[in-house]
Amino acid sequence: MSLNKFKMDIQIVLILLLVGLAAGMLSGLVGVGGGIIIVPCLVFFLGFSQKMAQGTSLGILLLPIGVLGAFQFYKQGYIDIKVVAIISVAFIFGSYFGSKIALRLSQDNVKKIFALVMLLVAVKMLFFDNKKATPDSNSIQQVSS
């Protein structure tokens, strides 16, 4: 379902604003937001298909929406520009090939893959991230020091 197919009333606009605010806050807080907040909200609250929600989330990522949050972290020395550049280049290619694969799969399979990825990440974070690190430790800085 696309919002272009029906009139966008105040309730839809408010839902979109709340989704954007929640995703932005979560992104600034822990570095995630698109897939974790935007995609499920578009599917459950607005009836988007899984592919439409994922495409919309990617469209949002295209714009420099996180620039202010990233700038705050950069000012405090928590962004390694070289790492950002390398991952960004790889992300571009990964996004291209991932979208080609997703568009060939059924809606149900894409939704199941999405749910499985979220579940695996949650289980890993809850039960298998036990290493004790200092709050400001950074493995790349430790290796290069």
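Nothing in this text is a laboratory measurement; each read-out follows from the coordinates by a stated rule. This one's a predicted model, so the numbers in the text were calculated from it and none came from an experiment. Glycine also receives a Cβ, built like all others from the backbone with ideal geometry; neighbour counts cover every protein chain displayed.
Full extension of the segment from Ile10 to Tyr74, taken as 0.36 nm per residue of separation minus the current Cα-Cα distance, would add 19.4 nm. Packing-based ranking of 120-126, 19-25, 64-70 yields 19-25, 64-70, 120-126, ordered from highest to lowest mean Cβ neighbour count within 10 Å. Ranked by how many other Cβ atoms sit within 10 Å of their own Cβ, fewest first, the residues Asp9, Asp80 fall in the order Asp9, Asp80. Using r as the Cβ-Cβ distance of Leu61 and Leu18, and R0 as 22 Å, what FRET efficiency do you calculate, to the nearest 0.05? Step by step, r from the Cβ atoms, then E = 0.70.
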